[in-house]
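Read through the structure below, which is laid out as structure tokens, and then see the notes.
The values are calculated or read from the model by the stated rules, or taken from the named source; none is laboratory data. Computed from a predicted structure; not experimentally measured. Don't worry about glycine lacking a Cβ; one is built from the backbone with ideal geometry, like all the others, and counts go over all protein chains shown.
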Amino acid sequence: MSNTMLVIYLLIINVAAFVIYGVDKYKAQNDLWRIPEKTLLLLAVAGGALGAFFGMRIWHHKTKKRTFMLVVPLCLIFWAVLLVRGI
């Protein structure tokens with residue numbers, strides 16, 4: 001994958017993660033069908049950790065869940081190291 005394609009992919013998945021965390025917060029507040037936690041975590045694992053992290057902070061969503069407080073920052077570090085090393 002070229003660097004340009006990787007940057008585009010990461011931009012898209014991070015924006016998607018941020019928006020989806022906000023949508024799930026809205027759904028939680030309005031007793032609507034929720035997005036599975038597996039899906040939210042998978043977004044972070046797949047490269048959307050920064051968007052997930054900001055989604056957690058800005059929407060105040062999943063900040064009391066130990067799994068999210070561990071997995072999202074670890075994924076963020078993992079992706080940052082990959083990017084610094086040039087994958």
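Miscellaneous remarks
- For the residues TYR21, TYR9, the requirement of being surrounded by fewer than 16 Cβ atoms within 10 Å (Cβ to Cβ), modelled with pLDDT of 95 or more and assigned to a helix (DSSP H, G or I) singles out TYR9.
- Candidates LYS38, LYS27, LYS64, filtered to the one that is part of a helix (DSSP H, G or I), without any contact (Cβ under 8 Å) to a residue 24 or more places away in the chain, loosely packed, with under 12 Cβ neighbours inside 10 Å and among the basic types (Lys, Arg): LYS38
- Verdict on LEU50 being modelled with pLDDT under 95, in a helix (DSSP H, G or I) and either closer than 13 Å to ILE13 by Cα or among the aliphatic types (A, V, I, L, M) (or both): no
- Selection within the range 75-87 - part of a helix (DSSP H, G or I) and surrounded by fewer than 13 Cβ atoms within 10 Å (Cβ to Cβ): ILE77, ALA80, VAL81, LEU82, VAL84, ARG85
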